[in-house]
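Here the structure comes first, spelled out in structure tokens, and everything after it is commentary.
Every number here is computed from the coordinates shown, using simple stated rules; none is lab data. Treat the numbers as computed from the prediction; the structure is a model and nothing was measured. Don't worry about glycine lacking a Cβ; one is built from the backbone with ideal geometry, like all the others, and counts go over all protein chains shown.
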Amino acid sequence: MPLVLEVAAGLIRDAAGRYLITQRRRGSHLAGLWEFPGGKLEAGETPAIGLRRELEEELTATFEVGDLVETVRWEYPDRTVVLHFFACRVQAGEIVPAEEQAMEWVEPARLAYYDFPPADRELIARLSVSGRRRG
């Protein structure tokens, strides 16, 4: 039976409407690809609580986790990932990548230029289109 991982990711936007993305570290599953920050849930955690913990560990600031935007279930050859994407915003502090991962603020229309895992691609396409429609 394949491994099933529950993961939560934050759609963090700045005042200019850009999204924060980070690059997966060498040695990790899907190393080198870009992603919305977040991580695996621990036993007993809700997606929102797990996301808040992961963001604070990875990015050092404090975050408000808002509405669930989308849940995606994706089958990889060796595992199944259930991704919960939440709208988030910085509550306090400065965002600093604690794990030395690359980090960029990207306009919605430019997200498609980055190499994301297959599970993220439909969401990326929707965010890119909706970003172009905004003033």
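I need Ile49, Ile21 ordered by Cβ neighbour count within 10 Å, fewest first.
Starting with the residue having the fewest Cβ neighbours, the order is Ile49, Ile21.
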Residue among Pro47, Pro118, Pro37 with the largest mean-square fluctuation in a Gaussian network model of the chain, springs linking Cα atoms under 10 Å: Pro118
Spin-label model distance (nm) - Asp14 vs Val69, 7 Å beyond Cα toward Cβ: 1.6 nm
GNM top mover of Asp14, Asp78, Asp120 - the chain, alpha-carbon springs below 10 Å: Asp78
Taking the chain and dividing mean pair separation by its residue count, relative contact order in percent (alpha carbons under 8 Å, at least six apart): 29 percent
Thr62 versus Val82: modelled label distance in nm, points set 7 Å from Cα along the beta carbon direction: 3.0 nm
Three-way shape call for the chain based on the alpha-carbon gyration tensor, with the a/c threshold at 1.5: rounded
Most fluctuating residue given options Gly39, Gly17, Gly50, as computed from a GNM of the chain linking Cα atoms under 10 Å: Gly17
